[in-house]
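Beneath this line is the structure, given in structure tokens, with notes to follow.
What follows is calculated from the coordinates using simple rules that are stated; it is not laboratory data. Not measured: the values here are computed from a predicted model. Methodologically, a virtual Cβ is constructed for each residue, glycine included, from the backbone with ideal geometry; neighbour enumeration extends over all protein chains shown.
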Amino acid sequence: MTDVEIEKENAAIAKAYKELLKISYRILSEDDKKLIRSAFDIAVDAHKDQRRKSGEAYVFHPIAVAKIVAAEIGLDATSIAAALLHDVVEDTSYSLDDIEQMFGETVAKIVDGLTKISSLKKDMDISLQAENFRKMLLTLNDDVRVIIIKIADRLHNMQTLEHMREDKQVKIASETLYIYAPLAHRIGLYNIKTELEDLGLKYTQPEVYNDILTKMKESKEEQDAYIKEFNNELKSSLDKEGLNYDIKGRPKSIFSIRRKMAKQGVSFEEVYDKFAVRIIYKSDLENEKFLAWKIYSIVTDHFRPNPTRLRDWISSPKTTGYEALHITVMGPKGRWVEVQIRSERMNEIAEKGYAAHYKYKEGNEAEDNLDAWINKLQEALENPDMNAVDFVEEFKLNLYSKEIFVFTPKGDLKSLPKGSTPLDFAFSIHTEVGMKTRGAKVNGKLVPLSHELKSGDQVDILTAENAKPNSNWLDYATTARARSKIKSSLNEEKKIIAEDGKEILRRKLKQLKITVNETVINELVNHFKLSTSLDLFYRIAIGSIDNTMLKEFAASRSNALMTFIKSKIRKPTTSPDIDKDEIIAKYDMLVFGKEEERLNYKLANCCNPIPGDSVFGFVTINEGIKVHKNNCPNALSLQSNYAYRIMPAKWIDSSQQEFTAVIKMTGIDNLGLVNDITKLISDSMHVNMKNVSFDTDGGTFSGKITVVVKNNNEVKKLMDRLKKINGIDKVSRV
């Protein structure tokens, strides 16, 4: 760097420091300013030789984090100093003792906590982020400011994420959605939570994010006009009461709109509450509550409220300190609108969290109050009546992963998906334990293998040498690992029995003057509507296909052959008969990684990808590579916790393989509607129906069809055609 550039950068650093003092949400005393100044000087010195990925001086990062802590969260000078120093011990020659000598025990403790979090993440042995955070929260919870500064640190990292490699972006963004956004919510930092969620979505699903962002920009004018109309309707009544108020529209976050679309299976246009109307009024403390209900009364005089959607957080505020009245009313143009009624004080608390309570208090009172807030958060995060597991459940109140934590008899902790049974637990410990399961005790009591486990349960598996899986187990197991192990065990047993069946079949067909060969076996499989020859031999062995049935087959065989030959002749010459086995053998399916390697893989059951879908590979411990869709419900958790196991994947030829897709429809029940649907599908090229179910209720209709297709273009075409059928309102892929 030239001298001029160095001078410029130093000026920018000094300017950033001045801004930090200016924007602090709290009133800083002279001592506070001295403390912040010395923390700033140490940070500048410690990071002088470091640069960020963007090329700028590293010290801009701690200053930015301190600004968030000072302005957005409104913490005290101690926290601002700790934020400035948060990377010093980890990355530079300064030690924790140096920090303690210069800044005292509190700052040193906070910096130590932040350093420990950073080092935790690099420990690859502990793969599960939630586990890391459980330990972090339970061990470092001496001061909740550690967690608050960590959230500020993550917010700034997310704001500057474009300078990172793409795989890093996805990992960091997934982890943000998985841990930090729910944590910010828990602490009451709603503005930060919203920004973290939106940025998280921007990097995990950029197309979805940009699509919603564009549509929101397009609908902004319409939204402003709507709020004006809403305002005009209420204005005269509110003015008559002499209220001093402001009516604003607040668009919902991109993330929450996306969540609504996914949860309710609707398009952007169909999300009805894309924004909320906020009425913010001026009031002294005494009349706050009275005025809130007065405004409520005026709003509901003009617009009909939805009685089930009243939320009164004024009488009993949330644990985060959030206060407001929320009502959903039928607004102009017959649209449901959420109306939030808050005083200016409540509004600041909603945006800043508890710190806003203490903005105008001086000296010791402010400090005492801040400590009271920190203690209150401490209690929320560390309730002594809770064991570790309930604590994690409690802490992960809004974590989007659905998981539970259970104990082994020795007290070790296991994480399982919500809905897991003792059988899932047994297989998660070891395949052998699973295979030999005879029964289970939960919290000391015998329970059936289908019993649903809850967080905090202690599970003890009873095993026996001669125990082995039976087909009922598939009804009890929910995790993919347990199910695949049970299936392969049942298949092994089936194969042994089927070996005998093959010999029995050969003898029986010999008596009917039929020689066993591959063609005959295929005919038998088709005749008995089975899917494999293994099923056929197995059924022969257990006697569910008997002599009479085989005689019927022999009699119908000649007719069947004739029909088969005719159908071949009738086929158009343009579509030669294709040997499916040969195609599957040659089929090149998916390629993985930069090298575009062809590897063995399985398609994940949770999202059932088909060619053309955007997908990624995930290296499992026991089942090789599993392929998931990019928008799979589990993608976030996998990318966050196991980024090192993610493999890029893409389809390179999807012309011959067949896949199943499930299409869901709703509409108005018309005479002949079902007939129109089935006719359209059977007339569509290359599309077979595997499963059909239709339901009508009070004039409405809903249906599900499982179709066999080559790729997702066929599904899209089919869905477009279905939409055109008279009476069908909505078509979506499950």
Compute the distance in nm between two label points, each set 7 Å from the Cα along the Cα-to-Cβ direction, one at Glu19 and one at Glu658. 6.2 nm
Among His86, His302, which comes first, second and so on when ranked by fewest other beta-carbon atoms within 10 Å? His302, His86
Between Ala324 and residues 5 or more places away or on another chain, the pairs with built amide H atoms under 5 Å apart involve Trp313, Ile314
May I ask you to derive the FRET efficiency for Gln264 and Lys679 from their Cβ-Cβ distance with R0 = 45 Å, giving the value to the nearest 0.05? 0.90
For each of Glu523, Glu222, count neighbouring Cβ atoms within 10 Å of the residue's Cβ, then give the residues from fewest to most. Glu222, Glu523
Using the Cα centre as the reference, give the magnitude of the dipole from point charges on the C-beta atoms of the range 659-733 (Lys, Arg: +1; Asp, Glu: -1; all else neutral), rounded to the nearest 20 debye. 380 debye
Arranged from highest to lowest average of other beta-carbon atoms within 10 Å per residue, in what order do the peptides 488-495, 19-26, 173-180 appear? 173-180, 19-26, 488-495
For Ser556 and Asn491, calculate 0.36 nm times their separation in residues minus their Cα-Cα distance, and state this gained length in nm to one decimal. 20.3 nm
In order over the range 281-286: 3J(HN,Hα) from phi, Karplus 6.51/-1.76/1.60, θ = phi - 60°, whole Hz, x for each Gly or Pro, gives 10, 8, 6, 7, 4, 4
Cβ crowding within 10 Å averaged over residues, with 536-545, 279-288, 190-199 ranked highest first: 190-199, 536-545, 279-288
Which far-off residues, 5 or more places away or on another chain, put their amide H under 5 Å from the one on Gly249, with H placed in the peptide plane? Arg278
Remind me, relative contact order of the range 403-478 in percent, using alpha carbon pairs under 8 angstrom and six or more residues apart? 36 percent
Extension gain (nm, one decimal) between Ser219 and Thr308, 0.36 nm per residue minus Cα-Cα: 29.2 nm
Could you tell me the center-to-center distance, by alpha carbons, between the range 675-734 and the range 225-296 in angstrom? 40 Å
If packing is taken as the mean number of other Cβ atoms within 10 Å per residue, what is the order of 615-628, 44-57, 102-115, highest first? 102-115, 615-628, 44-57
Karplus-derived 3J(HN,Hα) from phi for the range 604-621 (6.51 cos²θ - 1.76 cosθ + 1.60, θ = phi - 60°), whole Hz, x at Gly and Pro, runs 5, 6, 5, 10, 6, x, 10, x, x, 5, 6, 9, 9, x, 10, 7, 8, 6
Amide H contacts under 5 Å for Met647, restricted to residues at least 5 apart in sequence or on another chain and with H modeled in the peptide plane, are Gly617, Phe618, Val619
Here the range 154-160 yields Karplus 3J(HN,Hα) values (6.51, -1.76, 1.60; θ = phi - 60°; whole Hz; Gly and Pro given as x) of 5, 4, 5, 4, 5, 5, 10
Within 10 Å of each residue's Cβ, count the other Cβ atoms and sort Thr421, Thr706 from fewest upward. Thr706, Thr421
